[in-house]
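**Q** Dumping the structure here so I can ask a few things about it.
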Amino acid sequence: MKKKKGLSLTQRQKLMGLYFVAPWVIGFLLFFAYNLVEAVVFSFSKIKINDGGGFSITWAGIENYRYALRESADFVRRLTESMGSILIDVPLITFFSLFIAILLNRKFKGRALVRAIFFLPVIMASAAINDTLNSNLEALMGGMSNTAAAQVTDTTATGLNAMVFAGALMDFGMPNQVIEYLVGAVSRLYEIIRSSGVQIIIFLAALQAISPSLYEVAQIEGATSYETFWKITFPMVSPLILTNVVYTIIDLYSQSDIVEVAHTTAFTSLDFGLGAAMSVISSLCVCAILGIVSFLISKKVFYQS
Amino acid sequence: MDLQLVQKAKTYTKSEDFKLSVKKSENKVKNFFLNLVIIIILIGTSFVILSPIIGLVSDSFMPLEDFYNPLIYLIPENPNAQNLITAFKQIDYPKSLAISLGFSVVIMLLQAFICSFVGYGFARFDFPGNKILFALVVLTIVVPVQTIMVPLYTQFRGFDIFGIISLISGKPLNLINTPYPLLLMTITGMGLRSGLFIYIFRQFFKGLPKELESAAFIDGAGTFYTYFFIMLPNAIPSIITVMLFALVWQYNDVFFSSLFMENMGFLSVKLTTLASKLSAQLQIRDPNQVKLIISSGVLLTILPLVVIYLFLQKYFMEGIERSGIVG
């Protein structure tokens, strides 16, 4: 029998997949991998922009890193602040969105309207818009941010003012730190709700994917709703908890202060080397957080198969 | 007579019937309070979400005199659209809106097309290196774009592929302040959150039954034909989801827009520079007046999205529930 030359049909069929992913591979190599290497190289160099449009690179060793970590006035402080607030916000957002998703999954009148309202933050997720909305919210709810504090006390105070309570608590002899945390938590409320839009959607989809027969069995066996939640709902959505935590960390990081710092260093002070070094440092921190958190969570995740 | 009644009542309280009805009414009370708590939470959260928008509308129609009047809160006494008109002129609304929406629609279509194409490749073909390449897709989701923003900027400032462009025109191209950087990145699956979209499509295509394609192949359809005419029509729920996200994220994007296209006149970029423009060009020094005008600008910016969302809301939710985000 004559042997067929070349590849079999199934093998050729498999290789067709390469045509499909080819555009992505080109993009990955050209724009991602290349630039990732470049970013690391930049962070070790001094970069000068030439008049003609090009730029010249001179090797500077770890000078940029040394400057960012040892000499820069506020880089380390803002780095720790940003990472700290990410670590505080992630559990708050995750549990809040799971909680809201469970509520929205129940059947009640006007559910469509409530859902439409809850996804509005997804529509308005923009840095420029959010800054303005935040200041509006503070005026409306009486919450305070440090910068707006002077403004609001100067002008006519309307509505419920958090500072009134803060003052009362201070008279009560509460420690200042506790009051600051409470006031901070109240003014973060909107931030948490606002950052939860996509996560609520993901949890909602997960909740609807749980087979109703599981709940039926639990009901027949006489499980309480508390037991049902911890034995059925929670394990079934746990893979999505991992997804959501990862998404939340990336989302919070991309909006965080530290990215802004690197951006201004690179594009306003035109110190590209230092900017790249700052980006690399903060990205490494985020990747470390991501690695640790997903390792810890994935140990507890329940996979159905 | 009385004794008899008491006796009757006593036996009744011991009966199963009574216990059941007590339990029922207990449940009723419990459910009532549970529902009450849920309603309060939902209404409260809805208020927190809606209040900034209420504030925006109020600011937009609030003249400065009314703003300084301590007796007036939220509802202006002499509403006028002065703030809206100022913002409208300053951000050059019709033109910026056309640019922003037009560009976002182009990006949206490209994202949906390219990402579904690539996602299908990852989902259905077991070519060598599939797993490794997909792990790299996840890497592009996880590593923030901000890490590579500096080299990206310099790359597009002197854009060249292996020296070919220099060879033809003598020097590399400067693509900053043109739409090409983002278009190029989107076409090659590296655009704004493209990794996430590829992930969504891969999960979705994995969930579709294999028989769909087998039938097409047996009938003699080629791979690309099968993809375009059999698989794509079946992927409409996830296409709607991805399109909406792509549109909204691109429309609101400040990062890429200000990095590559600061002078192209996108709404989102104009909004960030509105405050400095007001004080520099119109000599408005009062921070409260600036705030009122910026609020009007924000209202104008989000208005088209809210309108689109209200129309598509139902499809959006249905799309998400069936889109396979969950996998």
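**Q** Quick one: residue B:128 ticks every box in (1) surrounded by fewer than 17 Cβ atoms within 10 Å (Cβ to Cβ); (2) within 12 Å of chain A (Cβ to nearest Cβ); (3) in contact (Cβ under 8 Å) with a residue 12 or more places away in the chain bar one, so which box is it?
**A** Single failed check for residue B:128: (3).
**Q** Name the one entry in A:229, A:165 that is at negative phi, assigned to a helix (DSSP H, G or I) and at pLDDT 70 or above.
**A** Exactly one of A:229, A:165 is at negative phi, assigned to a helix (DSSP H, G or I) and at pLDDT 70 or above, namely A:229.
**Q** Test residue A:241 against the stated conditions and say whether it is more than 9 Å from chain B (Cβ to nearest Cβ), within 16 Å of the chain's Cα centre (by Cα) and at pLDDT 90 or above. I'd like the intermediate steps shown before the answer.
**A** Working: more than 9 Å from chain B (Cβ to nearest Cβ): yes; within 16 Å of the chain's Cα centre (by Cα): yes; at pLDDT 90 or above: no.
So residue A:241 fails the test.
**Q** When both residues are 6+ apart or on different chains and their Cβ atoms are under 7 Å apart, which pairs have a first residue that lies in region A:244-261 and is charged (D, E, K, R), and a second that is crowded, with 21+ Cβ neighbours inside 10 Å?
**A** The qualifying pairs are A:251/A:195; A:257/A:82.
**Q** I'd like to check something: does region A:42-50 contain any residue that is crowded, with 18+ Cβ neighbours inside 10 Å, more than 7 Å from chain B (Cβ to nearest Cβ) and assigned to a helix (DSSP H, G or I)?
**A** Yes.
**Q** Now for a different question. Would you check if there is a residue in region A:106-115 being at negative phi, at pLDDT below 90 and more than 11 Å from chain B (Cβ to nearest Cβ)?
**A** Within region A:106-115, one or more residues are at negative phi, at pLDDT below 90 and more than 11 Å from chain B (Cβ to nearest Cβ).
**Q** Closer than 22 Å to residue B:265 by Cα and touching a helix residue (DSSP H, G or I) at 6+ places or on another chain (Cβ under 6 Å), is that true of residue B:74?
**A** Considered against the rule, which asks whether it is closer than 22 Å to residue B:265 by Cα and touching a helix residue (DSSP H, G or I) at 6+ places or on another chain (Cβ under 6 Å), residue B:74 comes out as no.
**Q** I'm told residue A:223 meets every condition in (1) assigned to a helix (DSSP H, G or I); (2) farther than 26 Å from residue A:38 by Cα; (3) more than 10 Å from chain B (Cβ to nearest Cβ); (4) without any contact (Cβ under 8 Å) to a residue 40 or more places away in the chain except one. Can you identify the failing condition by its number?
**A** (1)
A quick yes/no check of all residues on (1) part of a helix (DSSP H, G or I); (2) in the same structural domain as residue B:125 (by TED's automatic domain parsing); (3) at pLDDT below 85:
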{"residue": "B:176", "(1), (2), (3)": "no, yes, no"}
{"residue": "B:192", "(1), (2), (3)": "no, yes, no"}
{"residue": "B:195", "(1), (2), (3)": "yes, yes, no"}
{"residue": "B:201", "(1), (2), (3)": "yes, yes, no"}
{"residue": "B:216", "(1), (2), (3)": "yes, yes, no"}
{"residue": "B:227", "(1), (2), (3)": "yes, yes, no"}
{"residue": "B:238", "(1), (2), (3)": "yes, yes, yes"}
{"residue": "B:242", "(1), (2), (3)": "yes, yes, no"}
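**Q** Continuing with the same structure: Within region A:249-273, work out how many residues are within 8 Å of another protein chain (Cβ to nearest Cβ) and touching a strand residue (DSSP E or B) at 6+ places or on another chain (Cβ under 9 Å).
**A** Here the count works out to 1.
**Q** What about residue A:189, is it closer than 25 Å to residue B:196 by Cα, within 10 Å of another protein chain (Cβ to nearest Cβ) and aliphatic (A, V, I, L, M)?
**A** no
**Q** Collect the residues in region B:26-65 that are touching a residue at least 40 places away in the same chain (Cβ under 8 Å) and among the charged types (D, E, K, R), keeping them in residue-number order.
**A** Result: B:59, single match.
**Q** Something else: Can you tell me which residues in region A:238-261 are aromatic (Phe, Trp, Tyr) and either closer than 17 Å to residue B:199 by Cα or surrounded by fewer than 21 Cβ atoms within 10 Å (Cβ to Cβ) (or both)?
**A** Result: A:247, single match.
**Q** Further, regarding this structure: Can you tell me which residue within region B:144-161, out of those that are assigned to a loop (DSSP other than H, G, I, E, B) and touching a Leu at 6+ places or on another chain (Cβ under 8 Å), is surrounded by the most Cβ atoms within 10 Å (Cβ to Cβ)? Explain how you work it out, then say what you get.
**A** First pass over region B:144-161, keeping only residues assigned to a loop (DSSP other than H, G, I, E, B): B:144, B:158, B:160-161.
Retained after the next criterion (residues that are touching a Leu at 6+ places or on another chain (Cβ under 8 Å)): B:158, B:160-161.
Numbers: B:158: 19, B:160: 14, B:161: 9.
Looking at the filtered set, the residue picked out is B:158.
**Q** Go through region B:244-258 and report how many residues are farther than 23 Å from residue B:113 by Cα and either modelled with pLDDT of 85 or more or in contact with a strand residue (DSSP E or B) (Cβ under 6 Å, 6 or more places away or on another chain) (or both).
**A** Residues that pass the stated criteria total 0.
Each row is one residue, and each column tells you yes or no for (1) surrounded by fewer than 14 Cβ atoms within 10 Å (Cβ to Cβ); (2) modelled with pLDDT of 60 or more.
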| position | (1), (2) |
| --- | --- |
| A:120 | no, yes |
| A:125 | no, yes |
| A:132 | no, yes |
| A:141 | no, no |
| A:150 | yes, no |
| A:156 | yes, no |
| A:177 | yes, yes |
| A:181 | yes, yes |
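**Q** Okay, next question. Taking region A:263-287, which residues are assigned to a helix (DSSP H, G or I) and either at positive phi or aromatic (Phe, Trp, Tyr) (or both)?
**A** A:267, A:272
**Q** While we're on this one: I need the full set of residues from region A:75-103 which are among the aromatic types (Phe, Trp, Tyr) and surrounded by fewer than 21 Cβ atoms within 10 Å (Cβ to Cβ), in order please.
**A** A:95, A:96, A:99
**Q** Pick from region A:191-220 the residues that are of a type in the set (Val, Ile, Thr) and touching a residue at least 12 places away in the same chain (Cβ under 8 Å): which of them is nearest to residue A:100 (Cα to Cα)?
**A** Among residues in region A:191-220 that are of a type in the set (Val, Ile, Thr) and touching a residue at least 12 places away in the same chain (Cβ under 8 Å), the one nearest to residue A:100 (Cα to Cα) is A:200.
**Q** Does any residue in region B:11-25 that is among the hydroxyl-bearing types (Ser, Thr, Tyr) and assigned to a helix (DSSP H, G or I) come within less than 6 Å, Cβ to Cβ, of a residue that is loosely packed, with under 10 Cβ neighbours inside 10 Å and modelled with pLDDT of 80 or more six or more places away or on a different chain, and which pairs are these?
**A** Matching pairs, first to second residue: none at all.
Rundown of residues vs (1) over 30 Å from residue A:196 (Cα atoms); (2) modelled with pLDDT of 85 or more; (3) surrounded by 14 or more Cβ atoms within 10 Å (Cβ to Cβ), yes/no style:
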{"site": "B:4", "(1), (2), (3)": "yes, no, no"}
{"site": "B:15", "(1), (2), (3)": "yes, no, no"}
{"site": "B:43", "(1), (2), (3)": "no, yes, no"}
{"site": "B:46", "(1), (2), (3)": "no, yes, yes"}
{"site": "B:58", "(1), (2), (3)": "no, yes, yes"}
{"site": "B:70", "(1), (2), (3)": "yes, no, no"}
{"site": "B:83", "(1), (2), (3)": "yes, yes, yes"}
{"site": "B:89", "(1), (2), (3)": "yes, yes, no"}
{"site": "B:104", "(1), (2), (3)": "no, yes, yes"}
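The values are calculated or read from the model by the stated rules, or taken from the named source; none is laboratory data. As the structure is a prediction and not an experimental result, all values here were calculated from the model. Here the Cβ is made from the backbone with ideal geometry for all residues, glycine too, and neighbour counts use every protein chain on show.
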